[in-house]
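Asks: Take this structure, written in structure tokens, and hold onto it; I'll ask about it next.
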Amino acid sequence: MEIKKAGSLAGSGTPSDAQLEKINRLTKTPLTREQVYVFSVHLCDDAVDRDFEQFATQSLPKLAELFVGKTGICDHEWSSQKQVARIFDADVIRDGTTSLIQAWAYMLRTPQTQDMIAQIEGGIKKEVSVGCAMAKSICSICGKSYGSCEHRKGQSYGGQLCTAILSEPVDAYEFSFVAVPAQRQAGVMKRKGGNCMKLEDYVEKSQDSSLVESLRGLQREAELGRAYRKQLEQDAVRLGLCLDFGADEQLLRTLAQQLDDGALQKFCKGLQGKVSMLTEPVGQLPEMTPPKSEFGREFMI
């Protein structure tokens, strides 16, 4: 899946000798300190963003490596005319309880870039957004691939907030100067497309009637599955309350939501068996002495 995460500038100025050495690894002609302007960028982090997504902490070092050498553009327009900078160094640092990717980028000091540098120095060009590809999106509640389970981002299950954890970096494309980032600390924007587009997008783009009908069939079956799952959760609560073993409705509902489909089915079946044993029917006119050998005598008049 293709992801865009927003960040911010952190520092700027003339490169040190060590920084200039790293920059010249990316150039065809060695540059001098006077020719180069450098600035630090907080690309992205592992905090939960406004879309209730977060990068997996263990994925940040690999993602930082992928960003080295990538270009800086404006408004995510993939055009050579929009290229203004390039990342020459990136590393993962800790900021309190948050891990983030801090990168350093450079641009040439030319008449064409004077306005851009002035805007960076003046705090106008401050927010950036990065484009990258992640192989997995994992549900923080159950650990399954997000979208394959019933949990939804932004909702709480048993007091735990559901988020989609982005992991296994595939590629890093660029970082871009943007006007308004969406994330609190390192905002997020997403674009559909590329080799990892969603199934719905692929079908829509293909305009194949057979694929459209197959997708609709899958969607109908998924809707039935969600309805069945919801009914199982309600049955678990109802049967648990009938047994009255000390669990209140909220506890039973939380327990049912956290069980996977197979475990929930077994749970309901076990509860139903217990309820059936406790509510076994008896005749309206039972004999004074219960029958000892003949089954069903209580129903005889």
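Asks: Take the residues of the range 235-254 that are without any contact (Cβ under 8 Å) to a residue 24 or more places away in the chain and touching a helix residue (DSSP H, G or I) at 6+ places or on another chain (Cβ under 8 Å): which is nearest to residue 141 (Cα to Cα)?
Replies: First, pick out the residues of the range 235-254 that are without any contact (Cβ under 8 Å) to a residue 24 or more places away in the chain: 237-238, 241, 244-253.
Going one step further and asking which of them are touching a helix residue (DSSP H, G or I) at 6+ places or on another chain (Cβ under 8 Å), we end up with 237, 241, 247, 249, 252-253.
Values: 237: 20, 241: 25, 247: 22, 249: 21, 252: 17, 253: 15 Å.
Result: 253.
The rows are residues; the columns are (1) among the hydrophobic types (A, V, I, L, M, F, W, C); (2) under 17 Å from residue 84 (Cα atoms); (3) surrounded by 16 or more Cβ atoms within 10 Å (Cβ to Cβ).
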site: 23; (1), (2), (3): yes, yes, yes
site: 31; (1), (2), (3): yes, yes, yes
site: 39; (1), (2), (3): yes, yes, yes
site: 44; (1), (2), (3): yes, no, yes
site: 53; (1), (2), (3): no, no, yes
site: 56; (1), (2), (3): yes, no, yes
site: 61; (1), (2), (3): no, no, no
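Asks: Could you list, in sequence order, the residues of the range 96-115 that are outside any loop (DSSP other than H, G, I, E, B), farther than 30 Å from residue 48 by Cα and touching a residue at least 40 places away in the same chain (Cβ under 8 Å)?
Replies: Let us first name the residues in the range 96-115 that are outside any loop (DSSP other than H, G, I, E, B), namely 98-108, 114-115.
So of that shortlist, the ones also farther than 30 Å from residue 48 by Cα come out as 107-108, 114-115.
Passing the criteria: 107, 108.
Asks: Residues to consider are 279, 254; find the one that is under 16 Å from residue 150 (Cα atoms), out of contact with any Leu (no Cβ under 7 Å at 6 or more places or on another chain) and not hydrophobic (A, V, I, L, M, F, W, C).
Replies: Numbers: 279 fails: under 16 Å from residue 150 (Cα atoms).
The unique qualifying residue is 254.
Asks: Show the residue pairs meeting these rules: Cβ distance below 6 Å; 6+ apart or different chains; first residue within the range 57-80 and at pLDDT below 95; second residue aromatic (Phe, Trp, Tyr).
Replies: 72/175; 74/177
Asks: Do the conditions hold for residue 210, that is, is it among the hydroxyl-bearing types (Ser, Thr, Tyr), at pLDDT below 65 and surrounded by fewer than 18 Cβ atoms within 10 Å (Cβ to Cβ)? Reasoning before the result, please.
Replies: Numbers: among the hydroxyl-bearing types (Ser, Thr, Tyr): yes; at pLDDT below 65: no; surrounded by fewer than 18 Cβ atoms within 10 Å (Cβ to Cβ): yes.
Here the answer is no, as residue 210 does not meet what is asked.
Asks: Could you please let me know if residue 86 is in a loop (DSSP other than H, G, I, E, B) and surrounded by 13 or more Cβ atoms within 10 Å (Cβ to Cβ)? I'd like the intermediate steps shown before the answer.
Replies: Working: in a loop (DSSP other than H, G, I, E, B): no; surrounded by 13 or more Cβ atoms within 10 Å (Cβ to Cβ): yes.
Against the criterion (in a loop (DSSP other than H, G, I, E, B) and surrounded by 13 or more Cβ atoms within 10 Å (Cβ to Cβ)), residue 86 does not qualify.
Asks: So, of the residues in the range 147-164 that are of a type in the set (Ser, Thr, Tyr) and modelled with pLDDT of 90 or more, which turns out to be nearest to residue 41 (Cα to Cα)? I'd like the intermediate steps shown before the answer.
Replies: Taking the range 147-164 as the starting set, the residues that turn out to be of a type in the set (Ser, Thr, Tyr) are 148, 156-157, 163.
Imposing the further condition that a residue be modelled with pLDDT of 90 or more reduces the set to 156-157, 163.
Values: 156: 33, 157: 35, 163: 25 Å.
For the range 147-164, the residue satisfying everything is 163.
Asks: Only one of (1) closer than 20 Å to residue 167 by Cβ; (2) assigned to a loop (DSSP other than H, G, I, E, B); (3) among the charged types (D, E, K, R) fails for residue 65. Which number is that?
Replies: (2)
Asks: I'm trying to understand the selection: among the residues of the range 225-247, which are of a type outside the set (Gly, Ala, Ser) and closer than 18 Å to residue 260 by Cβ? Quick ask: steps written out before the conclusion?
Replies: So the first thing to find is which residues in the range 225-247 are of a type outside the set (Gly, Ala, Ser), and the list is 226, 228-235, 237-239, 241-245.
If the condition is that a residue be of a type outside the set (Gly, Ala, Ser) and closer than 18 Å to residue 260 by Cβ, then 226, 228, 229, 230, 231, 232, 233, 234, 235, 237 are the ones that fit.
Asks: Looking at 133, 105, 90, 118, which is the one that is closer than 23 Å to residue 15 by Cα, at pLDDT 85 or above, touching a helix residue (DSSP H, G or I) at 6+ places or on another chain (Cβ under 9 Å) and small (Gly, Ala, Ser)? Walk me through how you get there before you give the answer.
Replies: Values: 133 fails: closer than 23 Å to residue 15 by Cα; 105 fails: touching a helix residue (DSSP H, G or I) at 6+ places or on another chain (Cβ under 9 Å); 118 fails: touching a helix residue (DSSP H, G or I) at 6+ places or on another chain (Cβ under 9 Å).
It is 90.
Asks: Restricting the range 116-141 to residues that are within 13 Å of the chain's Cα centre (by Cα) and part of a loop (DSSP other than H, G, I, E, B), which is surrounded by the fewest Cβ atoms within 10 Å (Cβ to Cβ)?
Replies: The initial filter retains those residues of the range 116-141 that are within 13 Å of the chain's Cα centre (by Cα), namely 133-141.
Applying the additional criterion that residues be part of a loop (DSSP other than H, G, I, E, B) yields 140-141.
On the way: 140: 19, 141: 22.
Among them, the one singled out is 140.
The values are calculated or read from the model by the stated rules, or taken from the named source; none is laboratory data. Because the structure is a prediction, the values reported are computed rather than measured. Don't worry about glycine lacking a Cβ; one is built from the backbone with ideal geometry, like all the others, and counts go over all protein chains shown.
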